[in-house]
Amino acid sequence: MDQNLNIAEIRKDYTLLELSIEKLAKNPIEQFQIWFQQAIAAQVNEPNAMTLATVNNAGMPNARIVLLKGIENNSFIYFTNYNSQKGRELAENPNAALVFFWPELQRQVRIEGQVKKISNEASIAYFNSRPIESQIGAIVSPQSQKIADRTVLENAFTNIKNNLNNTPLEKPEHWGGYALSPQKIEFWQGRASRLHDRFCFELHAENWELTRLAP
């Protein structure tokens, strides 16, 4: 490691764009979709990558990157192992948060809400659309559990792949989709001198209320 590296001196001034209340859509889901399409157009690296934060029964937060796979009925959809750490925590506490960061556009979106499983039929439909290797991976991985070494996974993967015989795989019971229904969505646009633009939508009685926040 470079001994001369001073982490405290790493900084970047944000001067690319600005955000005003007049430019915001009235509905935050619509605004998110506008920004998401702009992230795709700007060729942001993995624009659907998002941090998912959950809380365990001791009140300890946990965060990891997952991939957004759709927006349906005003909810954010992703897929994972129900027996994973995040799956177990969501079973105990459905409150969760998402964060998108698109550095190429100097933008961030923070989302808070409650999570629930989507229908088994919808999970099956998405599972069947995945590449066969991804299907096998979902089947063989005991996500978040301790394993002896990588060969445990590789052997299980190879065993299934070598015995497919063109037979479609079935979605495992322990795997499927979640939908986060937002109660709060904040849009952050980086600005110069750390005077960033922040606008927060909060859901009250089925109506979104919009406020500006200090950076």
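Observations on the structure shown:
- Within segment 141-183, the set of residues being surrounded by 13 or more Cβ atoms within 10 Å (Cβ to Cβ) and over 21 Å from F127 (Cβ atoms) comprises V152, S181, P182, Q183.
- Conditions (1) farther than 27 Å from R191 by Cα; (2) in contact with a strand residue (DSSP E or B) (Cβ under 7 Å, 6 or more places away or on another chain): number failed by L52: (1)
- Cβ-Cβ under 6 Å pairs, at least 6 apart or on other chains, segment 190-207 side surrounded by fewer than 16 Cβ atoms within 10 Å (Cβ to Cβ), far side part of a loop (DSSP other than H, G, I, E, B): A192/D13; A192/T15; L195/P215
- Qualifying positions in segment 196-215 - assigned to a strand (DSSP E or B) and of a type in the set (D, E): D197, E202, E209
- Of the residues making up segment 107-162, those that are free of Cβ contacts under 8 Å to residues at least 12 places away in the same chain and farther than 19 Å from T80 by Cα are A148, D149, R150, T151, V152, E154, N155, T158, N159, N162.
- Hits in segment 39-63 (condition: outside any strand (DSSP E or B) and in contact with a Pro (Cβ under 9 Å, 6 or more places away or on another chain)): A39, I40, V44, N45
- Taken over segment 129-143, the residue count meeting the criterion of being under 17 Å from L67 (Cα atoms), of a type in the set (S, T, N, Q) and either more than 20 Å from the chain's Cα centre (by Cα) or not in a helix (DSSP H, G or I) (or both) is 1.
- Of the set (1) outside any strand (DSSP E or B); (2) under 19 Å from E186 (Cβ atoms); (3) of a type in the set (A, V, I, L, M), all apply to L5 but (2).
- Members of segment 146-171 found to be closer than 22 Å to N128 by Cα and in a loop (DSSP other than H, G, I, E, B), listed by number: N163, L164, N165, N166, T167, P168, L169, E170, K171
- The criterion of being under 17 Å from Q31 (Cα atoms) and out of contact with any helix residue (DSSP H, G or I) (no Cβ under 6 Å at 6 or more places or on another chain) holds for S181.
- For I136: the one exception among (1) at pLDDT 95 or above; (2) surrounded by 13 or more Cβ atoms within 10 Å (Cβ to Cβ); (3) touching a strand residue (DSSP E or B) at 6+ places or on another chain (Cβ under 9 Å): (3)
- Residues satisfying the stated conditions in segment 11-38, i.e. in a loop (DSSP other than H, G, I, E, B), of a type in the set (A, V, I, L, M, F, W, C) and in contact with a helix residue (DSSP H, G or I) (Cβ under 9 Å, 6 or more places away or on another chain): L16, L17, L24, A25
The values are calculated or read from the model by the stated rules, or taken from the named source; none is laboratory data. In this text, all values refer to a predicted model and were calculated from it rather than measured experimentally. We place every Cβ from the backbone using ideal geometry, glycine too, and count neighbours over all the protein chains shown.
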